[in-house]
Amino acid sequence: MSTPTHPLPHGFFTIISRARFEELLREFPALDADQCDLSEADGRILAQDLIAGHDWPLLDRSCMDGFAVSARDVFGASESNPAYLECAATLTIDAMPQTALDPGQCARIPTGGLLPRGADAVVMVEHTGEMDGTTIEMRKSVAPGENVMQRGEDASQGQPALTAGTVMRPQEIGLAAALGFQEMALVRRPRVAILSTGDEVVGVRQTPRPGQVRDVNSHTLAALTARAGGLPRHYGVIPDDLESLTQALNRAVTDNDAVLLSGGSSIGVRDLSVQAIEALDDAAVLAHGVALSPGKPTILGRASGRPILGLPGQVTSSLVVMHVLVLPLLRHLQGDGAAFYPSRRPMVRAELARNVASRPGREDYVRIRLEPRQDALPLAHPVLGKSGLLRTMLQAHGLTAIPADSEGLDQGRMIDVWIV
């Protein structure tokens, strides 16, 4: 990773775009892999291909309760023109069929049962009728392979069943289990240090005096970090002096994969984050300021190859920056190649209820409350307010982004609301 040729000047923001900030975040490499049990895989990123040791399904299996047939024997069958076959066997789900079907024969088969030789399709039991002890009326035609899970359809022996970079969802976990993978290599979950700064910040159990506030950010940032697959580690509230902050940052960088530092990112006599980062070994401040609202004073530093994010102390600003920049970074560190793609965001289409103004030159994230409507898209109500209050985030269902080149959005416009 490259280091800026010239250090960033103290006392001034050097504003970069949100896109450029993301480019810098992408330069941090993914973490190494752990060998993990299948029970730990949900939401994790596969580090190595899973090569199927056998076909899955092992053999052709029925998807339905019904009758195994040769499709040619029921060609053209219908309610008004049924076909009649002789039932040669009743199969069980856990036994290999011993009987091969001759032309004109069928076999009763349960869901999951193995198809006998001579059968290539299954007629659902709903489309059949029993005429006597052995004769079955077929009232529907089927194509070869219909209602059949074919051998190797999910995975073929010797081929990758799941490739490196795959996000392990419950369905991928199910396939891994079907193929016998009790353990697999998964990209390690990032250890994330969380520090709050400020002489005015006190613990949750303490009663704040006038001018003091309880430590909110440590807990909100930890909860979001855990949602993104990170392992949050609290380092407490650090006082406003350079030595204490530098020592705390040094411990955090040494023991973790990323550091989140809230407070101390604005320009002010007590804002020491930039100086503390630069005081670390092998460190650089890559950005101090991003064209984002709220969240303009966000810092990006690097020490010993690890990212340090200096987040605004204002709680709403900090939460927005977490959603827009930090959570994608944490997924990126876990090997998610699409972590920064907007398409990964859960979106709802809605109609804007009123005009919203914005200042050109910054990407503005407006909190949105959704009002459901019958037979129409939801109505999107902007929730405006100060970034030091939690109210706007509590009342909102999500965010909508106003592009940096826009002066706002007009009432009645269709917008995408990012559910957070």
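The values are calculated or read from the model by the stated rules, or taken from the named source; none is laboratory data. None of these values were measured; they are calculated from a predicted model. Positions of Cβ are generated from backbone atoms using ideal geometry, with glycine treated the same way; all protein chains shown enter the neighbour counts. Only protein heavy atoms, including side chains, enter the accessible area calculation; ligands, DNA and RNA are left aside. Shrake-Rupley method; radii C 1.70, N 1.55, O 1.52, S 1.80 Å.
Checking the a/c ratio against 1.5 first, then a/b against b/c, what shape does the Cα gyration tensor give for the chain? Taking the square roots of the gyration eigenvalues as a ≥ b ≥ c, the chain is prolate. Label-to-label distance for V125 and T111 is 1.1 nm, based on points extended 7 Å past Cα in the beta-carbon direction.
Each residue of the stretch 272-288 was assigned a 3J(HN,Hα) from its phi angle through the Karplus curve 6.51 cos²θ - 1.76 cosθ + 1.60 (θ = phi - 60°); the sequence is 10, 4, 4, 5, 5, 5, 5, 7, 7, 5, 6, 10, 7, 8, 8, 7, 9 Hz, with glycine and proline shown as x.
Nearest 10 degrees, 0 to 90: what angle lies between the long axis of helix 242-255 and the longest principal axis of the chain (Cα atoms)? Approximately 20 degrees, to the nearest ten.
Of Q171, I16, G229, whose Cα points farthest to the positive end of the dipole of the chain (charges on the beta-carbon: +1 Lys, Arg; -1 Asp, Glu; origin at the Cα centre)? Going by the Cα projections, it comes out as I16.
Quote the charge dipole size of the stretch 345-420 about the Cα centre in Debye, to the nearest 20; the model charges only the Cβ of Lys and Arg (+1) and of Asp and Glu (-1). The partial results should precede the final answer.
Numbers: 11 positive and 9 negative charges, 66 e Å.
Computed charge dipole of the stretch 345-420: roughly 320 debye.
Taking amide H atoms as placed 1.01 Å from N in the peptide plane, the amide H of R188 lies under 5 Å from those of D32, A33, D34, each 5 or more residues away in sequence or on another chain. Of the residues G361, T92, L399, the one whose Cα sits farthest toward the positive end of the charge dipole of the chain, with +1 on the Cβ of Lys and Arg and -1 on the Cβ of Asp and Glu, is G361.
Think of the stretch 47-197 as having a plus end and a minus end, set by charges on the Cβ of Lys, Arg, Asp and Glu; of A47, N147, G129, A47 sits farthest toward the positive end of this dipole. Surface composition of the chain: carbon plus sulfur atoms hold 50% of the accessible area, using a 1.4 angstrom probe and ignoring ligands, DNA and RNA. The label point for E407 and the one for Q275, both projected 7 Å from the Cα toward the Cβ, are 4.2 nm apart.
Just check the stretch 353-420 against the gyration tensor rule for me: Cα atoms, a ≥ b ≥ c as the square roots of the eigenvalues, rounded for a/c under 1.5, and otherwise prolate or oblate depending on whether a/b exceeds b/c.
On the way: a/c = 2.06, a/b = 1.18, b/c = 1.74.
In terms of gyration-tensor shape, oblate.
Using a 10 angstrom Cβ neighbour count of at most 12 plus a DSSP loop assignment to flag exposed chymotrypsin sites (Phe, Trp or Tyr not before Pro), which longest range of the chain is free of such sites? Mind showing how you got there, number by number?
Numbers: sites that count: F12, F75.
Longest gap between qualifying sites, sites excluded: 76-420.
About its Cα centre, the stretch 13-91 has a charge dipole of approximately 340 debye under the convention of +1 per Lys or Arg Cβ and -1 per Asp or Glu Cβ, with nothing else charged. For the stretch 43-145, applying the loop criterion from DSSP together with a ceiling of 15 other beta carbons within 10 Å to the GluC sites (Glu not before Pro) yields E79.
With +1 on the Cβ of every Lys and Arg and -1 on the Cβ of every Asp and Glu, and nothing else charged, how large is the dipole of the chain about its Cα centre, in debye rounded to the nearest 20? If you can, show how the numbers build up before the last one.
Values: 38 positive and 49 negative charges, 387 e Å.
So the dipole magnitude of the chain works out to roughly 1860 debye.
Let's test the formula: R0 of 35 Å, r as the Cβ-Cβ distance of A226 and Q182. What FRET efficiency results, to the nearest 0.05?
0.85
Net length available on complete extension from D199 to D49 is 49.0 nm, with 0.36 nm assigned per residue and the Cα-Cα distance removed.
Normalised by the number of residues in the stretch 197-321, the mean separation of alpha-carbon contacts (under 8 Å, six or more apart) gives a relative contact order of 22 percent. In this structure the chain gives 48 Å² per residue of accessible area when probed at 1.4 Å with all protein chains present.
Note on Q212 and T14: their simple-model spin labels are 3.8 nm apart, each label 7 Å out from Cα toward Cβ.
As an exercise, use a Förster radius of 51 Å and the Cβ-Cβ distance of R349 and Q247 to find the FRET efficiency, rounded to the nearest 0.05. Write down the numbers at each step before the final one.
On the way: r = 49 Å, r/R0 = 0.97.
For R0 = 51 Å, the calculated efficiency reads 0.55.
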